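The values are calculated or read from the model by the stated rules, or taken from the named source; none is laboratory data. Worth saying up front: this structure is predicted, and the values here are computed from it rather than measured. We place every Cβ from the backbone using ideal geometry, glycine too, and count neighbours over all the protein chains shown. Note: accessible area is taken over every heavy atom of the protein model, side chains too, but ligands, DNA and RNA are not part of it. Shrake-Rupley method; radii C 1.70, N 1.55, O 1.52, S 1.80 Å.
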There are 2 protein chains.
Amino acid sequence: MKPPPLIEDIEAAHARIAPHLHRTPILTSRSLDCATGAELLFKCENFQKTGSFKARGATNAVLTLPPDVTGVATHSSGNHAAALAHAARLRALPAHVVMPATAPKAKRSAVEAYGGTVISCAPTLAAREEAAARVVAETGAALVPPFDDPRVVAGQGTAAVELIADAPGPLDLILVPVGGGGLLAGTLLAASAHAPRAAVIGVEPEAADDAARGFQSRMLQPQVLPVATIADGVTTAMSPMTFEIMCWLARDIVTVSEAAIAAAMRCIWERLKIIVEPSCALPLAAILERKVDVEGRRVGIILTGGNVDLDRLPWTI
Amino acid sequence: MKPPPLIEDIEAAHARIAPHLHRTPILTSRSLDCATGAELLFKCENFQKTGSFKARGATNAVLTLPPDVTGVATHSSGNHAAALAHAARLRALPAHVVMPATAPKAKRSAVEAYGGTVISCAPTLAAREEAAARVVAETGAALVPPFDDPRVVAGQGTAAVELIADAPGPLDLILVPVGGGGLLAGTLLAASAHAPRAAVIGVEPEAADDAARGFQSRMLQPQVLPVATIADGVTTAMSPMTFEIMCWLARDIVTVSEAAIAAAMRCIWERLKIIVEPSCALPLAAILERKVDVEGRRVGIILTGGNVDLDRLPWTI
């Protein structure tokens, strides 16, 4: 297992990446507060550079690479791909991104728009890992994984640092989606130092519940394939490091139905007037399905990103 | 013709309504700036109370009514209806809103959610005016028109006051949609005092071009019915007062195609990650269709509202 980052690493990450990224706003909705009986604070990482919080971890990782690095590489079909290409440009490094041939064209275009090179492969994890290893061997690029990396986890933790600092008072609860666990792990470490009285709860789809099963059994669980959820950002299984941090520090991991995810996503669009990905909607879905009790509490929610295919909305299918 | 408001009226309106409404943010997009060669500043009235700038004019009108007023009334099928109901609640006044029976259920629900009473009528202007006159006669309520009212125009002008004050430097150009002309008139008056070097240009759909024809001919023009545009917020014809202000102060009025409106709306959703109504997209549509020259200029754009039916998006029909 890779060593987890320390709170000092998160604070150093924040100072390092802040000049290059947005300090995203917190939005609130009086009607949602009335409907839930809580004070909901939405940290808008959909407004972050590249459209997701992944810019934080990727930027921190790239900026901490040694001076003689010649390039960076990763395999990703999602937001980490664009985030790494964007971060690499800050150091004028080439970025090699292995993507399955089935990845949406918009995701490929985003990588290319930031100057990254896309390498296509077959849509299996084995093919992706093999292609990434080959790129690293051929180019000497440094591999920057999407979440199983202490530099990446430290970067993701900076979103919670800002959420806690910018909230109008102490948070009682922080809700985050769980995929590979990079955001959850970073949030847990940040909250343990900066908001020790806040309970942190992870939320995942019922259809991709490896974290919940792992949290219950205290054994790292594989994802059961195929994964059928609209929350395409959280279908990855956790790594040993993110799993350990979750087991140490999380208050709970809860799961939500697909119907609740779609309803919560629509609710955020209609009430907050912002575009968010389905994965963003997991925390509000947990509130709407009463999987967490928020009555009378000040609740921080990290909205993870806004890169959504407008042609494929869950309520127009 | 009703007398136009003075800049002092707009400044008084701003002080009066500010405690009750949001100072909405200005958003920017590096990719849109690169694509257009301009510095685009989007004033986000979609985040305003009730979801549109109409809250400004309605609130100013309601707060300036005499102390013995017993209620307010209007006829509207759109954002002014909810804005008036919201404003009336600030003074605990009943709000009577005449709406065509064909108005979307969401618009009725918004009025009722703010405590207003909806009176249904046949979907013609004559029936609406007749029903509103009857409500006023029966209840003694004060009529608050959606735009042909100096108090309303003064309130709408406060959006430009904030845009000019919060911009990172002097504006070269301000672009606003034109429907009844309340926002355009308020913006023109505010800019003439606070940004006298900024050119203000109104944008309307080719399919609802009464303002452009009027601006060219210097004669108030009727709207040619039926109006076939997705920009449902700007289908009204102007009033003598808003028309006069436009003729005095506007640099130009340009028109855009339906395809450009849909493309610009999608562009705002994808790049800015915010929900805006089709009417909001008119200024960006004019830039994309090269109806205005923005190269090298700092351009303020007022995004008018975010109340859109998510089941009926122009790119999913």
Give the residue that is nearest to the other protein chains (Cβ to nearest Cβ), with candidates limited to residues of the range B:39-64 that are part of a loop (DSSP other than H, G, I, E, B) and surrounded by 24 or more Cβ atoms within 10 Å (Cβ to Cβ). B:Gln48
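Could you list, in sequence order, the residues of the range A:16-32 that are of a type outside the set (Gly, Ala, Ser) and more than 10 Å from chain B (Cβ to nearest Cβ)? Let's see the steps before the verdict.
Filtering the range A:16-32 for residues of a type outside the set (Gly, Ala, Ser) gives A:16-17, A:19-28, A:30, A:32.
Once the filter is applied, which keeps residues that are of a type outside the set (Gly, Ala, Ser) and more than 10 Å from chain B (Cβ to nearest Cβ), the range A:16-32 yields A:Arg16, A:Ile17, A:Pro19, A:His20, A:Leu21, A:His22, A:Arg23, A:Thr24, A:Ile26, A:Thr28, A:Leu32.
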Name every residue in the range B:46-57 that is in contact with a helix residue (DSSP H, G or I) (Cβ under 6 Å, 6 or more places away or on another chain) and of a type outside the set (Gly, Ala, Ser), in order of residue number. B:Gln48, B:Lys49, B:Thr50, B:Phe53, B:Lys54, B:Arg56
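Test of understanding: among B:Ala92, B:Ala106, which residue is assigned by TED's automatic domain parsing to the domain that holds B:Glu129 and at positive phi?
Numbers: B:Ala106 fails: at positive phi.
Exactly one of B:Ala92, B:Ala106 is assigned by TED's automatic domain parsing to the domain that holds B:Glu129 and at positive phi, namely B:Ala92.
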Counting only residues in the range A:87-100 that are open to solvent by 10 Å² or more (accessible area, probe 1.4 Å) and in a helix (DSSP H, G or I), the one nearest to A:Val161 (Cα to Cα) is identified as A:Leu90
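Can you name the residue in the range B:288-317 that is outside any loop (DSSP other than H, G, I, E, B) and open to solvent by 10 Å² or more (accessible area, probe 1.4 Å) and, of all such residues, is farthest from the other protein chains (Cβ to nearest Cβ)?
In the first step, residues of the range B:288-317 are kept if they are outside any loop (DSSP other than H, G, I, E, B); the result is B:288, B:298-303, B:305.
From what is left, the residues that are open to solvent by 10 Å² or more (accessible area, probe 1.4 Å) are B:288, B:298.
Details: B:Leu288: 17, B:Arg298: 20 Å.
The extreme case among them is B:Arg298.
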Sort through B:Ala260, B:Ala264, B:Ala285 and tell me the only one that's at pLDDT 95 or above, away from every other protein chain (no Cβ under 11 Å) and under 19 Å from A:Ile275 (Cα atoms). B:Ala264
Any idea which residue in the range B:65-75 is surrounded by the most Cβ atoms within 10 Å (Cβ to Cβ), counting only those that are within 17 Å of B:Thr139 (Cβ to Cβ) and not β-branched (Val, Ile, Thr)? B:Ala73
Lone unmet requirement of (1) within 14 Å of another protein chain (Cβ to nearest Cβ); (2) free of Cβ contacts under 8 Å to residues at least 12 places away in the same chain for B:Ser217: (1)
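Tell me, please, whether a residue that is over 15 Å from the mean Cα position of the chain (by Cα), within 14 Å of another protein chain (Cβ to nearest Cβ) and open to solvent by less than 30 Å² (accessible area, probe 1.4 Å) can be found in the range A:275-282. Full working, then the answer.
As a first pass, look at the range A:275-282 and keep what is over 15 Å from the mean Cα position of the chain (by Cα): A:275.
From the residues that got through so far, the ones that are within 14 Å of another protein chain (Cβ to nearest Cβ) too are A:275.
Next, from what is left, pick out any that are open to solvent by less than 30 Å² (accessible area, probe 1.4 Å): A:275.
Checked against the condition, which is being over 15 Å from the mean Cα position of the chain (by Cα), within 14 Å of another protein chain (Cβ to nearest Cβ) and open to solvent by less than 30 Å² (accessible area, probe 1.4 Å), the range A:275-282 yields at least one hit.
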Output the number of the condition that A:Thr229 fails; it satisfies all remaining conditions of (1) farther than 18 Å from A:Ala264 by Cβ; (2) open to solvent by 10 Å² or more (accessible area, probe 1.4 Å); (3) of a type in the set (Val, Ile, Thr). (1)
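Can you confirm whether A:Glu244 is within 12 Å of chain B (Cβ to nearest Cβ) and in contact (Cβ under 8 Å) with a residue 12 or more places away in the chain? Please lay out each step first, then the result.
On the way: within 12 Å of chain B (Cβ to nearest Cβ): no; in contact (Cβ under 8 Å) with a residue 12 or more places away in the chain: yes.
No: the conditions fail for A:Glu244.
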Residue pairs qualifying under the 9 Å Cβ cut-off, at least six apart or on distinct chains, with the first in the range A:251-278 being free of Cβ contacts under 8 Å to residues at least 60 places away in the same chain and within 16 Å of A:Pro25 (Cα to Cα) and the second being assigned to a strand (DSSP E or B) and open to solvent by less than 10 Å² (accessible area, probe 1.4 Å), are A:Lys273/B:Cys44; A:Lys273/B:Ile274; A:Lys273/B:Gly305
Please go through the range B:112-126 and give me each residue that is of a type in the set (A, V, I, L, M) and either open to solvent by 30 Å² or more (accessible area, probe 1.4 Å) or closer than 20 Å to B:Val234 by Cα (or both), ordered by number. B:Ala113, B:Ile119, B:Ala122, B:Leu125, B:Ala126
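Yes or no: A:Lys2 outside the structural domain of A:Ala122 (by TED's automatic domain parsing), within 21 Å of A:Leu189 (Cα to Cα), among the basic types (Lys, Arg) and crowded, with 24+ Cβ neighbours inside 10 Å? Before the answer, list the steps.
Numbers: outside the structural domain of A:Ala122 (by TED's automatic domain parsing): yes; within 21 Å of A:Leu189 (Cα to Cα): yes; among the basic types (Lys, Arg): yes; crowded, with 24+ Cβ neighbours inside 10 Å: no.
Spelling it out, it is not the case that A:Lys2 is outside the structural domain of A:Ala122 (by TED's automatic domain parsing), within 21 Å of A:Leu189 (Cα to Cα), among the basic types (Lys, Arg) and crowded, with 24+ Cβ neighbours inside 10 Å.
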Meets criteria (loosely packed, with under 14 Cβ neighbours inside 10 Å, modelled with pLDDT of 90 or more and out of contact with any Lys or Arg (no Cβ under 6 Å at 6 or more places or on another chain)) for B:Ala133: no
Have a look at A:Leu84, A:Leu143 and point out the one that is closer than 26 Å to A:Pro3 by Cα and surrounded by fewer than 22 Cβ atoms within 10 Å (Cβ to Cβ). A:Leu143
For the range B:230-253, does any single residue satisfy the condition of being at pLDDT 95 or above, under 21 Å from B:Pro104 (Cβ atoms) and touching a Ser or Thr at 6+ places or on another chain (Cβ under 7 Å)? no
Being assigned to a helix (DSSP H, G or I) and either among the aliphatic types (A, V, I, L, M) or open to solvent by 40 Å² or more (accessible area, probe 1.4 Å) (or both) is the filter here; which residues of the range B:238-256 pass it? B:Pro240, B:Met241, B:Glu244, B:Ile245, B:Met246, B:Trp248, B:Leu249
Among the residues that make up the range A:221-237, is at least one of them under 22 Å from A:Ala13 (Cα atoms), of a type outside the set (A, V, I, L, M) and outside any helix (DSSP H, G or I)? no
